[in-house]
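What follows is a short report on a single structure.
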Amino acid sequence: MNTSRADAADGDHSMTSPAPDMQAKPHIQVPPHPQWPAMSDADRNGLKGRIAELLRRQNAVLVAHYYVDGDLQALAEETGGCVADSLEMARYGTESDADTLVVCGVRFMGETAKILNPEKRVLMPDLGATCSLDEGCPADAFGAFCDAHPEHTVVVYANTSAEVKARSDWVVTSSIALPVVQHLAEQGEKIIWAPDKHLGHYVERMTGADMLLWDGACVVHEEFKGFALDRVRRLHPDAAVLVHPESPDEVVDQADVVGSTTQLIKAVTDMPNREFIVATDEGIFWKMRQLAPEKTLIAAPTAGEGATCESCAHCPWMAMNALSNLERVLIEHHQEIHIDEDIRQRAVRPIQRMLDFARERGIGARGKSD
Ligand code: 13P
Ligand code: SF4
């Protein structure tokens with residue numbers, strides 16, 4: 001999902017109005033960021049060593065997202081696991097011969113791992129690590145919405161519950177949303193899209209597809225502000241602007257590259273610019289700095305002063321993953337994902353459809369799109 005500023009600026013920018021029969025929006029309780037106790041280097045290294053040993057003894061691997069703490073990303077790499085975007089996290093689990101997948105990320109990522117790998121144990125440091133998109137799309141309301149539009153193909157973002165995935169025809173991540181919807185549009189299909197209205201509107205603009213959008217948003221990306229980004233761009237005229245498509249139109253329209261986390265990281269390594277303004281969760285800076293230490297990364301501005309937990313450009317649910325609760329779950333196995341088998345069987349089909357499409361088109365971490 002890479003586009004230029006000019007591409008994204010084409011066409012009608014007005015947001016498709018929410019479908020008339022859209023249900024009342026659920027209230028989303030955004031948790032405060034957990035305060036993890038500070039650790040000395042010796043304590044941190046000791047803890048990392050104990051976790052590595054627990055992983056080894058249990059034939060377990062870490063499957064981590066780019067937004068989690070840098071210590072977890074480093075440990076995943078040091079112990080033979082993976083650090084990736086949500087598409088590659090899903091695929092990695094299917095290719096690993098580990099008995100246990102320990103997903104460091106948010107709950108939908110753990111659920112996707114379990115849906116694809118029912119024979120494996122799937123643990124997470126904290127099962128309470130959810131996502132505002134997932135919470136904003138309850139399965140019963142979404143099912144009623146789909147029932148009201150039976151002629152539509154149902155495409156859902158991976159940031160949804162297993163139940164919502166079970167109601168869908170396709171699951172997509174931000175790496176693959178554009179080509180999948182383009183493919184469906186070419187076949188003349190009308191699409192229900194859920195839950196992220198910003199990503200959905202971006203895909204609609206780029207593909208011209210006929211889409212009914214669910215009214216959900218990411219509380220982290222929604223805080224990036226177009227007027228403030230414009231000011232920062234003026235201060236750094238040579239910086240390339242990288243934007244995750246969960247951001248609002250006013251931010252996406254200023255991007256040099258719009259893409260998934262993997263695609264934004266690739267932009268930092270591949271583009272000749274020395275400076276980058278980055279509009280996504282700040283956890284991604286760990287991998288960007290690792291791969292391109294000579295580049296300067298500037299966090300895109302959010303709501304600014306008086307800001308709440310949401311406007312610090314770090315997902316409060318991703319922040320629930322830490323070394324201490326990772327060690328604990330490897331000892332107690334108390335945070336394990338379980339999925340009802342009937343739901344799992346219905347949810348695996350649209351996820352597998354996405355993975356097959358990615359493989360056929362060479363899209364993903366080992367393919368041409370990144
Ligand atoms: P990616 O699929 O781009 O990693 O995004 C996942 C996510 O939750 C972004 O907020
Ligand atoms: Fe969900 Fe946003 Fe957090 Fe990603 S950053 S997991 S979309 S709340």
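The values are calculated or read from the model by the stated rules, or taken from the named source; none is laboratory data. This structure is a prediction, so every number in the text was calculated from the model and none was measured. All Cβ positions, even for glycine, are placed from backbone atoms using ideal geometry, and neighbour counts span all protein chains on display.
Please go through the range 217-234 and pick out each residue that is of a type in the set (D, E, K, R) and outside any helix (DSSP H, G or I).
Lys225
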Notebook entry, point to check: List pairs: first in the range 257-283 and closer than 17 Å to Glu88 by Cβ, second away from ligand 1 (no atom under 12 Å from the Cβ) and among the polar types (S, T, N, Q), Cβ under 7 Å, 6+ apart or cross-chain?
Noted result: Gly259/Asn2; Gln263/Asn2
Checklist line | Any hit, the range 99-117, residues being away from ligand 2 (no atom under 12 Å from the Cβ), buried (at least 24 other Cβ atoms within 10 Å of the Cβ) and part of a loop (DSSP other than H, G, I, E, B) | finding: no
Next item on the list: Tell me which of these Val154 doesn't satisfy, since it passes every other one: (1) within 16 Å of Val106 (Cα to Cα); (2) touching a Lys or Arg at 6+ places or on another chain (Cβ under 8 Å).
Entry: (1)
Item checked: Residues that are farther than 25 Å from His244 by Cβ and among the aliphatic types (A, V, I, L, M), drawn from the range 56-101 -> Ala60, Val61, Ala98
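One line per residue, one yes/no per condition, for (1) modelled with pLDDT of 95 or more; (2) over 28 Å from Asp340 (Cβ atoms); (3) of a type in the set (Asp, Glu):
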position	(1), (2), (3)
Gln29	no, no, no
Ala42	yes, yes, no
Gly49	yes, yes, no
Tyr92	yes, no, no
Ala98	yes, no, no
Notebook entry, point to check: Of the residues that make up the range 56-72, is at least one at pLDDT 85 or above, touching a strand residue (DSSP E or B) at 6+ places or on another chain (Cβ under 6 Å) and assigned to a helix (DSSP H, G or I)?
Noted result: yes
Check: Do we find that Ser311 is modelled with pLDDT under 95 and not in a loop (DSSP other than H, G, I, E, B) in this structure?
Finding: yes
Notebook entry, point to check: Can you name the residue in the range 254-301 that is of a type in the set (A, V, I, L, M) and in a helix (DSSP H, G or I) and, of all such residues, is surrounded by the most Cβ atoms within 10 Å (Cβ to Cβ)?
Noted result: Leu264
Check: So which of Val155, Val164, Val122 is of a type in the set (Val, Ile, Thr), in contact with a strand residue (DSSP E or B) (Cβ under 8 Å, 6 or more places away or on another chain) and in contact (Cβ under 8 Å) with a residue 60 or more places away in the chain?
Finding: Val122
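To keep it simple, each residue is scored yes or no on (1) crowded, with 22+ Cβ neighbours inside 10 Å; (2) of a type outside the set (A, V, I, L, M); (3) touching a strand residue (DSSP E or B) at 6+ places or on another chain (Cβ under 6 Å).
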| position | (1), (2), (3) |
| --- | --- |
| Glu189 | no, yes, yes |
| Pro195 | yes, yes, yes |
| His198 | yes, yes, no |
| His201 | no, yes, no |
| His221 | yes, yes, no |
| Phe227 | no, yes, no |
| Arg233 | no, yes, no |
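Results for (1) within 16 Å of ligand 1 (Cβ to nearest atom); (2) closer than 25 Å to Met211 by Cβ; (3) at pLDDT below 95, shown as yes or no for each residue.
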position: Gly80; (1), (2), (3): no, no, no
position: Glu119; (1), (2), (3): no, no, no
position: Glu135; (1), (2), (3): yes, yes, no
position: Ala139; (1), (2), (3): no, yes, no
position: Ala148; (1), (2), (3): no, yes, no
position: Val164; (1), (2), (3): yes, yes, no
Item checked: So Glu135, is it out of contact with any Pro (no Cβ under 6 Å at 6 or more places or on another chain), surrounded by fewer than 23 Cβ atoms within 10 Å (Cβ to Cβ) and free of Cβ contacts under 8 Å to residues at least 12 places away in the same chain -> no
Check: For the range 129-214, list the strands (runs of 3 or more DSSP E) that sit wholly inside it and hold at least 3 residues that are away from ligand 2 (no atom under 16 Å from the Cβ) and within 18 Å of Met354 (Cα to Cα); which are they?
Finding: 153-157
Next item on the list: Check Ala60, Ala64 and return the single one that is away from ligand 1 (no atom under 16 Å from the Cβ), among the small types (Gly, Ala, Ser) and touching a residue at least 12 places away in the same chain (Cβ under 8 Å).
Entry: Ala60
Notebook entry, point to check: So Ser247 clears everything in (1) part of a helix (DSSP H, G or I); (2) surrounded by 24 or more Cβ atoms within 10 Å (Cβ to Cβ) except one condition, right? Which one?
Noted result: (1)
